[in-house]
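This report refers to the structure that appears directly beneath it.
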Amino acid sequence: MTRWLLIFALLLPIAACQQQGAEEAGTTEETLAVDAATVEQTIRASADQYEQAALAGDVEALASFYSDDAIMLPPGMPKSEGIDAVRAAYQQMYAAGNPTEASLDPATVVVSESGDMAYDEGSFRFSGPGPDGTTMTDTGKYLAIWKPTADGTWKISVDIWNSDAMPGAPAEGGAEAAAAPSGQ
C-alpha cells in the first residue's frame, strides 16, 4: 500500500474527554465515571481534525493523536511501535507529498462500560500522489482502539487499516492499491 493508506488509519485526532472520579458507597475505591456520549462525540469530531492535519501534511499533529506506546499496523509497511515510530511512518508517507483529498467516516464508536477503552471502525477515502508521481485514489476501512490518558484526553492506542482493492489490483487513478511505499 502506498504511504497514503497510513494517513487514514487513524483515524482520528484526539480531543479532550473529561474523566471524573467517583467513590463507591462505603469504600474508598474510585471508579471511572465516563460519559460515553461525550467520548463518542470526541472520537467522531477527531475525524475532522485528522482530515485537516492530513491535508496540511502536519506530521506532528497526526502523531499527536496517538499514545506514547501506540501500535500502528499499516498495510504494505512494517508495524510502528511507539510515538517516534508512528511519527517516522507518517514522515515516510508524506515523502511523495500531501493528499489532495482526505476523508474519514467513523461508522461505529463503542465505549467500554468501564470507561477505560473505546474503539471506532469506519471507512476512508483519499487521493494524492503515489510513489510513482501519478495521482492515486483509494478507499478502505479501519479500526482504531482508543484509551484515556492521565490528563483525561483520549488517544489512539492501536490503529489498523486496509484498502478495499484486491492486492495487486490497480486502484482508481492507475496506481497499485497494494504497493508498498518506496524504500520498503
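Summary table below
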read-out: Whichever residue in the range 41-64 is among the hydroxyl-bearing types (Ser, Thr, Tyr) and either within 16 Å of residue 128 (Cβ to Cβ) or within 13 Å of the chain's Cα centre (by Cα) (or both) and, among such residues, is surrounded by the fewest Cβ atoms within 10 Å (Cβ to Cβ); value: 64
read-out: Tally, over the range 65-107, of residues that are without any contact (Cβ under 8 Å) to a residue 60 or more places away in the chain, surrounded by fewer than 21 Cβ atoms within 10 Å (Cβ to Cβ) and not in a strand (DSSP E or B); value: 11
read-out: Contacts under 9 angstrom Cβ, first residue in the range 147-164 being free of Cβ contacts under 8 Å to residues at least 60 places away in the same chain, partner part of a strand (DSSP E or B) and buried (at least 23 other Cβ atoms within 10 Å of the Cβ), 6 or more apart; value: 164/138
read-out: Close pairs (6 angstrom Cβ cut-off, 6 or more residues apart or separate chains): touching a residue at least 12 places away in the same chain (Cβ under 8 Å) in the range 120-139, of a type in the set (D, E, K, R) and surrounded by fewer than 23 Cβ atoms within 10 Å (Cβ to Cβ) anywhere; value: 122/105; 123/105; 123/141; 126/101; 127/101; 137/172; 139/125; 139/164
read-out: Test result for residue 3, basic (Lys, Arg) and at pLDDT below 95; value: yes
read-out: Residue count for the range 108-121, restricted to those that are assigned to a strand (DSSP E or B) and among the acidic types (Asp, Glu); value: 2
read-out: Residue in the range 117-137 that is of a type in the set (Val, Ile, Thr), at pLDDT 95 or above and surrounded by 18 or more Cβ atoms within 10 Å (Cβ to Cβ) present; value: no
read-out: Selected residue [more than 13 Å from the chain's Cα centre (by Cα), within 18 Å of residue 64 (Cα to Cα) and of a type in the set (Val, Ile, Thr)] from 100, 149, 108; value: 149
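The values are calculated or read from the model by the stated rules, or taken from the named source; none is laboratory data. As the structure is a prediction and not an experimental result, all values here were calculated from the model. Here Cβ is always computed from backbone atoms with ideal geometry, including for glycine, and neighbour counts include all displayed protein chains.
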